[in-house]
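Visitor: First the structure, then my questions, so here it is.
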Amino acid sequence: MKLIHLSDLHLGKRLSEFSLIEDQEFILREIYSIISEEHPDMIVIAGDIYDKPVPSAEAVRLFDDFLTKAAEQTEHIFVISGNHDSAERIAFGSHIMEKSGIHMSPVYDGTIVPTILSDEYGELGVYMLPFIKPVSVRRFFSDAEIVSYTDAVNAAVDAMDADFTRRNIIITHQFVTGAQKSDSEEVSVGGTDNVDSSAFDGFDYVALGHIHSPQNVGGERIRYCGTPLKYSFSEASQQKSVTVVELRKKGDMTVRTVPVEPLHDMRIVKGSFEYICSKECSSAGNTNDYIHAVLTDEEDIPEAMGRLRSVYPNIMSLEYDNRRTRSSHGSIETADADNRQPIELFEEFYKLSNGGEMSPQQRELAQSLIEKIWEGEV
């Protein structure tokens with residue numbers, strides 16, 4: 001059983017006021033070419049189809065066109081909603097599309113019915129678990145203590161009552177603890193949305209979405225395929241790809257990647273204004289790429305952005321790296337927010353703002369509000 005694993009298309013996304021729809025159309029054509037060459041038995045798309053819950057008409061048309069063409073090359077396509085998607089919109093028309101082998105995840109209601117496929121090695125169960133929060137799971141399991149995201153996923157997986165004597169895969173959209181993030185994801189401060197990888201014990205392959213950097217988590221069995229395009233300059237050095245998985249008999253699996261090349265690359269150029277504008281620098285890559293310029297000049301360059309745009313028409317941003325900016329950055333004490341709980345950061349902010357510690361009552365109230373906000377109750 002061969003599958004192609006995709007996620008985080010973010011169709012309709014804009015960066016620095018640049019529409020990426022042309023880039024996305026280009027990369028979907030490249031992905032379609034890979035699908036045509038690989039002849040997979042199924043394609044899985046692990047969430048964040050769109051960049052917004054209410055996508056633009058052109059984003060919807062683009063996905064419709066891709067689905068229509070891809071369905072001609074494979075028997076099954078599985079699509080789940082991510083945190084950027086509207087679960088209701090992704091689920092629309094699912095019963096009709098099911099007849100064509102396109103399986104759209106329903107809105108989570110406490111039950112997940114697997115699709116059972118078969119090949120020469122026996123049955124394969126495919127489970128679709130869209131993006132969930134503790135608050136969206138808790139109401140279906142009144143007897144369970146569901147506080148964390150791990151609790152929520154554990155409850156959802158336990159309710160599947162999967163037969164782990166056969167092969168099973170799960171398609172889901174969560175932040176699994178240990179994954180390396182980039183700047184373009186929406187993750188919670190302090191790691192409150194972390195899901196422990198043990199929640200997926202027993203599954204032969206976990207097709208993840210949400211994290212934009214392609215990577216395995218604790219082994220190739222649990223994998224983020226990453227975005228097909230670079231969506232922040234923190235991803236500038238990454239090679240984007242499509243993940244191809246082949247499942248043979250239980251315990252026998254191979255995972256490989258097929259690289260994809262964008263219409264416009266995303267690059268960082270650094271140096272003096274004179275150097276960045278020079279032929280030496282501009283000829284080192286495609287001047288039509290999306291550019292972030294880092295100027296090392298000690299004095300600000302008048303109208304630098306406009307003048308750089310005459311050389312790099314798709315420049316998105318610039319910053320200075322000199323004695324002044326390094327001194328300014330060095331004078332600010334920063335905490336490692338990713339490793340601290342939200343209440344700890346709020347306490348520090350309160351102390352700086354008010355010159356004193358929070359009272360126990362204030363801390364309890366703040367913690368209660370943080371939990372409600374994080375779970376979507378406020």
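Visitor: Would you be able to say whether some residue in region 71-85 is within 23 Å of Ile170 (Cβ to Cβ) and in contact with a Cys (Cβ under 9 Å, 6 or more places away or on another chain)? Show your work before the answer.
Guide: Residues of region 71-85 that are within 23 Å of Ile170 (Cβ to Cβ), as a first pass: 71, 74-85.
Subsequent filtering for residues that are in contact with a Cys (Cβ under 9 Å, 6 or more places away or on another chain) retains none.
Scanning region 71-85, I find no residue that is within 23 Å of Ile170 (Cβ to Cβ) and in contact with a Cys (Cβ under 9 Å, 6 or more places away or on another chain), so the answer is no.
Visitor: Quick check on my filter: what residues within region 111-123 are aliphatic (A, V, I, L, M) and touching a residue at least 60 places away in the same chain (Cβ under 8 Å)? Outline the logic, then answer.
Guide: To start, the set of residues in region 111-123 that are aliphatic (A, V, I, L, M) comprises 112-113, 116-117.
Within region 111-123, Leu117 is the sole residue that qualifies.
Visitor: Pick from region 135-152 the residues that are of a type outside the set (Ser, Thr, Tyr) and part of a loop (DSSP other than H, G, I, E, B): which of them is nearest to Asp109 (Cα to Cα)?
Guide: Narrowing region 135-152 to residues of a type outside the set (Ser, Thr, Tyr): 135, 137-141, 143-147, 151-152.
Next cut, part of a loop (DSSP other than H, G, I, E, B) only: 139-141, 143-147.
Numbers: Arg139: 9, Phe140: 7, Phe141: 10, Asp143: 16, Ala144: 16, Glu145: 17, Ile146: 15, Val147: 18 Å.
Per the stated criteria, the residue is Phe140.
Visitor: Among the numbered criteria (1) modelled with pLDDT of 95 or more; (2) farther than 22 Å from Arg14 by Cα, which single criterion is violated by Ser198?
Guide: (1)
Visitor: Taking the criterion of being outside any loop (DSSP other than H, G, I, E, B) and under 28 Å from Thr165 (Cα atoms), would at least one residue in region 83-99 satisfy it?
Guide: Let us first name the residues in region 83-99 that are outside any loop (DSSP other than H, G, I, E, B), namely 87-91, 94-98.
After this cut, where a residue has to be under 28 Å from Thr165 (Cα atoms) as well, the list is 98.
Yes: region 83-99 contains one or more residues that are outside any loop (DSSP other than H, G, I, E, B) and under 28 Å from Thr165 (Cα atoms).
Visitor: Taking Ile146, is it in contact with a helix residue (DSSP H, G or I) (Cβ under 6 Å, 6 or more places away or on another chain) and without any contact (Cβ under 8 Å) to a residue 24 or more places away in the chain? Reasoning before the result, please.
Guide: Details: in contact with a helix residue (DSSP H, G or I) (Cβ under 6 Å, 6 or more places away or on another chain): yes; without any contact (Cβ under 8 Å) to a residue 24 or more places away in the chain: yes.
For Ile146, the condition - in contact with a helix residue (DSSP H, G or I) (Cβ under 6 Å, 6 or more places away or on another chain) and without any contact (Cβ under 8 Å) to a residue 24 or more places away in the chain - is met.
Visitor: Further question on the same structure: For region 205-304, which fully contained strands (runs of 3 or more DSSP E) count at least 3 residues that are touching a residue at least 40 places away in the same chain (Cβ under 8 Å) and surrounded by fewer than 18 Cβ atoms within 10 Å (Cβ to Cβ)?
Guide: By residue number, 253-259.
Visitor: Of the conditions (1) out of contact with any strand residue (DSSP E or B) (no Cβ under 7 Å at 6 or more places or on another chain); (2) modelled with pLDDT of 85 or more; (3) assigned to a helix (DSSP H, G or I), Leu308 fails just one. Which one is it?
Guide: (1) is the only condition that Leu308 fails.
Conditions tested, residue by residue: (1) surrounded by fewer than 21 Cβ atoms within 10 Å (Cβ to Cβ); (2) touching a His at 6+ places or on another chain (Cβ under 6 Å); (3) over 26 Å from Ser86 (Cβ atoms).
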{"site": "Leu129", "(1), (2), (3)": "no, no, no"}
{"site": "Ser142", "(1), (2), (3)": "yes, no, yes"}
{"site": "Glu145", "(1), (2), (3)": "yes, no, yes"}
{"site": "Ala159", "(1), (2), (3)": "yes, no, no"}
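Visitor: Now for a separate question. Please pick out the residue among Ala162, Ala155 that is touching a residue at least 24 places away in the same chain (Cβ under 8 Å), of a type in the set (Gly, Ala, Ser) and either in contact with a Gly (Cβ under 9 Å, 6 or more places away or on another chain) or not in a loop (DSSP other than H, G, I, E, B) (or both).
Guide: Ala162
Visitor: Turning to a different aspect of this structure: Sort through Thr287, Thr254 and tell me the only one that's closer than 23 Å to Val176 by Cα and over 16 Å from the mean Cα position of the chain (by Cα). Quick ask: steps written out before the conclusion?
Guide: Values: Thr287 fails: closer than 23 Å to Val176 by Cα.
Testing whether each residue is closer than 23 Å to Val176 by Cα and over 16 Å from the mean Cα position of the chain (by Cα) leaves just Thr254.
Visitor: I'm trying to understand the selection: among the residues of region 72-92, which are more than 21 Å from Ser136 (Cβ to Cβ) and open to solvent by 30 Å² or more (accessible area, probe 1.4 Å)?
Guide: Initial filter on region 72-92 (more than 21 Å from Ser136 (Cβ to Cβ)): 72-77.
Selection gives Glu72, Gln73, Glu75, His76.
Visitor: For the condition in contact (Cβ under 8 Å) with a residue 12 or more places away in the chain, of a type in the set (Phe, Trp, Tyr), outside any helix (DSSP H, G or I) and within 21 Å of Ile4 (Cα to Cα), what is the one hit in Tyr108, Tyr127? Write out each step before concluding.
Guide: Values: Tyr108 fails: within 21 Å of Ile4 (Cα to Cα).
The unique qualifying residue is Tyr127.
Visitor: Can you name every residue in region 29-51 that is open to solvent by 10 Å² or more (accessible area, probe 1.4 Å) and either under 17 Å from the mean Cα position of the chain (by Cα) or of a type outside the set (Gly, Ala, Ser) (or both)? Show your work before the answer.
Guide: Here is the first cut: in region 29-51, the ones open to solvent by 10 Å² or more (accessible area, probe 1.4 Å) are 29-30, 32-34, 36-39, 41, 50-51.
Listed by number, the residues that qualify are Arg29, Glu30, Tyr32, Ile34, Glu37, Glu38, His39, Asp41, Tyr50, Asp51.
Visitor: Right, another one. Quick one: count up the residues across region 350-376 that are open to solvent by 80 Å² or more (accessible area, probe 1.4 Å) and at pLDDT 80 or above.
Guide: 7
The values are calculated or read from the model by the stated rules, or taken from the named source; none is laboratory data. All figures in this text were calculated on a predicted structure; none of them were measured in a lab. Counting neighbours? That spans all protein chains shown, and the Cβs are built from the backbone with ideal geometry, glycine included. Side chains included, ligands, DNA and RNA excluded: accessible areas come from the protein's heavy atoms. Shrake-Rupley method; radii C 1.70, N 1.55, O 1.52, S 1.80 Å.
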